[in-house]
1. Applying the selection to region A:44-58, what residues are modelled with pLDDT of 90 or more and buried (at least 16 other Cβ atoms within 10 Å of the Cβ)?
2. Condition test on C:ALA452, is it touching a residue at least 40 places away in the same chain (Cβ under 8 Å), within 14 Å of chain A (Cβ to nearest Cβ) and over 21 Å from the mean Cα position of the chain (by Cα)?
3. Restricting region C:110-138 to residues that are touching a strand residue (DSSP E or B) at 6+ places or on another chain (Cβ under 6 Å) and part of a helix (DSSP H, G or I), which is nearest to the other protein chains (Cβ to nearest Cβ)?
4. Quick check, is A:LEU83 more than 8 Å from every other protein chain (Cβ to nearest Cβ) and surrounded by 18 or more Cβ atoms within 10 Å (Cβ to Cβ)?
5. Yes or no: region B:107-125 includes at least one residue that is within 9 Å of another protein chain (Cβ to nearest Cβ), closer than 23 Å to B:THR239 by Cβ and surrounded by fewer than 20 Cβ atoms within 10 Å (Cβ to Cβ).
6. Kindly indicate the residue of region A:1-24 that is of a type outside the set (Phe, Trp, Tyr) and within 7 Å of another protein chain (Cβ to nearest Cβ) and also surrounded by the fewest Cβ atoms within 10 Å (Cβ to Cβ) among those meeting that condition.
7. Report yes if A:PRO208 is more than 11 Å from every other protein chain (Cβ to nearest Cβ) and surrounded by fewer than 20 Cβ atoms within 10 Å (Cβ to Cβ), otherwise no.
Amino acid sequence: MTQEERQNFFKGMAFLAPWLFGFAVFTAIPICLSCYYSFCDFSLTVPRRAPLWIGMDNYRQLMHDSLFWKSLGNTVYYVAMALPAGMLVSLGLALLLNAKIRGQAIYRAIIFLPSLIPAIASAMVWMWMYNTQYGLLNYLLGKVGLPPVAWLGEKGAMPSLALMSVWGVGNTVIIYLAGLQDVPRELLEAAEIDGAGAMRRLFSVTLPFLTPVIFFNLVMGIIGAFSILTVPYIMTQGGPNNATYFFTFFNYDEAFKFLHMGYASAIAWIQLVITLALTGIAFWSAKKWVHYG
Amino acid sequence: MTAKPKIGRIRNPWNALAIHAGLICICVGYLLPFLWMASTSLKTLEKTGEIPPRFIPHPWQPQNYVKIFTHPTFHAVLFTRNTIVIAILTVAGTTLSSAIVAYGFARIQFRGRGILFGIMLATIMIPFPVTMVPLFTIFRRLGDLTGMAWLGTFKPLWVPAWFGSAFSIFLLRQFFLTIPKDLSEAARIDGCGELGILFRVVLPLARPALAVVALFSFMVVWNDFLAPLVYLQRPEQFTLALGLDNFQSAVGGTPWHLLMAASVLVILPVVALFFLAQRTFIEGITTTGIKG
Amino acid sequence: MVSTVAMKFIKPVIFAMLAVIAGIFLILGSRQNTSDVPPGFTVVEYWEKWVGNEATQMRIIVDDFNRTVGHDKKIYVRYLSMTDIDQKTLISIAAGVPPDITGTWDTQIAQFAAIGAVERLDDLAKARGITKDYYLPVYWDGCSYEGHLYALISTPGVVALLYNKQIFADCAPQLRAAGLDPDQPPRTLDEFDRYAAVFDLKDKDGRLQRAGYLPLQSWYIPQLGLWFGADIFDAENHRMMLDSPAMLNTFEWIKSFSTRIGGQTLLNFQNAMGNTFDSPQNPFLAGKLVMQQQGPWMANYIAHLKPSFSQLLMPTSEEWKLKDRASNYGWGVAPFPSAVPDMENVSYDPFDALMIPAGAKHKNEAFEFLAYVNQQDVAEKICTLHCKNCQLRHVSEEFLTHHPNPYIAIYQQLAASPNAHCVPVCAIWPEIYKELLDSAQAVTLGEEPAVALKLAQQRMAERYDRFITLERRREQLGIN
């Protein structure tokens, strides 16, 4: 290392110091601890009751815990539904909101509104709209002569949650919208002069330019969908018949209701590995379809 | 941003009309839960479960908005104060610390920078439940080490913000990269150190990006439910989002009209902020260029 | 152009307004923190799960204490009511900043005691003369874990059959046609089923409009086995018995309702009801559920939510004999019939518990309050306010005659019965509870009871064995 390199290194470290410290204390140590706990019997509750090392026992137990598989299946089912739906709807909305027409500020604000409200408040409004008997949705269905739907029943609950998540895509829409501002107007104009229709322009110019943003939203979407907790916590408590018992829910119950912090840590680790694996796949596939202009 | 008005403008008025129609339909759908919320907040409890439901409350009961200020378990004033305190500390911390770290990543060439940046990005992917339990232990240890209580105070909620948030650092770094180097070089010749460049040259130019970071972190704190649920125990420390849960009695039977009135009050400030900052917000995200 | 100028002007104004409002809240909110404690007093912090009326009623007792005993002994109880109390308590214990008293449910006592999260109260209780003889046995058992006392009661409960007399009268012809007496509640479980079937009512689309009884609507699904003579957990031999023949009978019975009505129909009905207990939409009050298992507190809820249902409201004078009062009511109470011949007055007896968390700073002062709440006069006062029976072996005549629930004698008798049961004293009860709820839902949706119970038994036995094994290992290694 030359003198200058060394100097730069220290300078860089000085600027990174807050993050390095925060990373160590609030991320790295917790992750290591969580890994350690996942090999322990540990209930956190009483300070004098120390973690007891039990090796792979938690993981072995998990592998034949039917609720673990059920919650994993539920989570995957939810992600498979909510993620593509959210991606498509938000992209569509962003394209509409990008059109140069009057009143866009108002439209944008309205679409963004749902992501501004606390999940607990929106969960409560929706819970009520979904109510089979007193809910607004079934009332509206009744008006057009359709039979009522058990929105939060065993079959309906999951799609209903996914529908609600589509309503809250404002954040993603805004990011797409920002991405759309970066699509070079010259290219769009050139394409138009060449006689390309709106669809053609969308697929050959806009979307390729948008792929990095799509990729970004995909990764954030995977993480977000896997972490869903507050909404089902309030709306369905995991029911009916565990149909909405998510992975995070399983984790929360084990940690704070049944006091198996060690077991819960093992669950959290599996969630981490799955999330990392999925984002890893996304990154790997990105080489094929993401164009960095 | 819209300096060249001709390009991209919709030429066929029918198309514009179609887009308007589409957007209006969608917006009505998106607004429906809000309208319902607002309408319920003005009803009497008996009328909240009325069949058929009606939008215009009758009788009209605006006193609900007064009642939530005297509710025995929803201490509106206190909860608002708590949320504001936490929000101010968090937003200030996140913005300042993330800017400093982002500058290090964007402007200083040093060995290992790429790896560290990669690690930082990877931390975005760690779900909160993974670190929730150990963080709890850490805050307890921190309490022992520093000789003051951490748990049962606001500290676990805002202190980590002062050590940068990965997402904000990422956004700011992207923005800093777009600021021409000549500017900072000129400042350097004038005798500015790196910190001087950051605060005198880079930050003033980065206002939209800072606004985005501040607004994003404000929204996160304002709406956070899980972290306060885990770290706050005493009702007098509750935040608004957590306090809303107090309306639900353990045995069931929710005063929907009051709950909705409280929810409306909770979302109003955020909506106002967004409406005001909407343009800056989108501009800010655009210039940070998420495409990396 | 005008609009841009206006916007330029408006934005800072709105921002300034937001800032000013924030400032006002900051100042107002901070001012509320002033201390209400007289100087020189020990502050005992008391967290309670109730919100709403019950919380307000408990505050009366706390204020009484602070004015009398607390004033003399220089103890001040600070009372906070909150939701999610069990989790909040645990987290605060873990954090090392627990309250001095926590008001949770009976279901947590064994779980908390097993991991040492709460203090033992044996010595303190003995010193105050609070012994097993002072309590009704069922409640004392529920407060103990492995021979030690860990909790005292704030208010007890007892579950009996609650039925809608008006609908009984309305359906008199159908009941008589089925060979049943409309003026009597069912006395055997077989009779109960026949009553229930008469009351079921579907509309033309096949939706359930009214149900005689719904097992899934019960708050006590995991305890339904008690009326079949089932014992879920053998504490002495550490054995889980979820798939015993009695439990199988219980779940066959649960299934019989969904076979008759249709599982999905039933769940839809249930879902429509939502969580409406404390609201006018409460299915029992709305006449959509004719019979259910409930505790004495229902009288308070009825008086509050549907006064017309209790034609006579609160007793104002003693002239009204209990019997006369009851005959005026639109609803009735009887022991829930048991499936086992000769096993009478079976009851489940849940209660609200007061515990002192491990690491509480003022254990002795906290116990002063626990003991105060269990003085006969105070216990009777809070139980009357909450409209519950009393946990004590001896209650005054006045308690029974002035109680807001005219059927209080039935409840008191059920709680004293040899067939009264508290929550199973098992360290993993919260897990069993969830498991049995899940099994009941699965059975309702078509699962075979034998299969569901076998799975539940296997899962829970495994979990319990694991708990025991790990406890032993902890003992051997001295990591407690």
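1. A:ILE54, A:ASP57, A:ASN58
2. Numbers: touching a residue at least 40 places away in the same chain (Cβ under 8 Å): yes; within 14 Å of chain A (Cβ to nearest Cβ): yes; over 21 Å from the mean Cα position of the chain (by Cα): yes.
So C:ALA452 passes the test.
3. Top of the filtered list is C:PHE112.
4. Considered against the rule, which asks whether it is more than 8 Å from every other protein chain (Cβ to nearest Cβ) and surrounded by 18 or more Cβ atoms within 10 Å (Cβ to Cβ), A:LEU83 comes out as yes.
5. Checked region B:107-125: no residue is within 9 Å of another protein chain (Cβ to nearest Cβ), closer than 23 Å to B:THR239 by Cβ and surrounded by fewer than 20 Cβ atoms within 10 Å (Cβ to Cβ).
6. A:GLU5
7. Details: more than 11 Å from every other protein chain (Cβ to nearest Cβ): yes; surrounded by fewer than 20 Cβ atoms within 10 Å (Cβ to Cβ): yes.
Judged against the criteria, A:PRO208 is a match.
So that you can scan it fast, the table gives a plain yes or no per residue for (1) assigned to a loop (DSSP other than H, G, I, E, B); (2) surrounded by fewer than 19 Cβ atoms within 10 Å (Cβ to Cβ); (3) aromatic (Phe, Trp, Tyr):
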| site | (1), (2), (3) |
| --- | --- |
| C:GLU191 | no, yes, no |
| C:LYS204 | yes, yes, no |
| C:LEU216 | no, no, no |
| C:ALA230 | yes, no, no |
| C:ASN237 | yes, yes, no |
| C:PHE251 | no, no, yes |
| C:ILE254 | no, no, no |
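The values are calculated or read from the model by the stated rules, or taken from the named source; none is laboratory data. Owing to the predicted nature of the structure, the values given are computational and were not obtained by experimental measurement. Note that we place each Cβ from the backbone using ideal geometry, even for glycine, and neighbour counts take in every protein chain shown.
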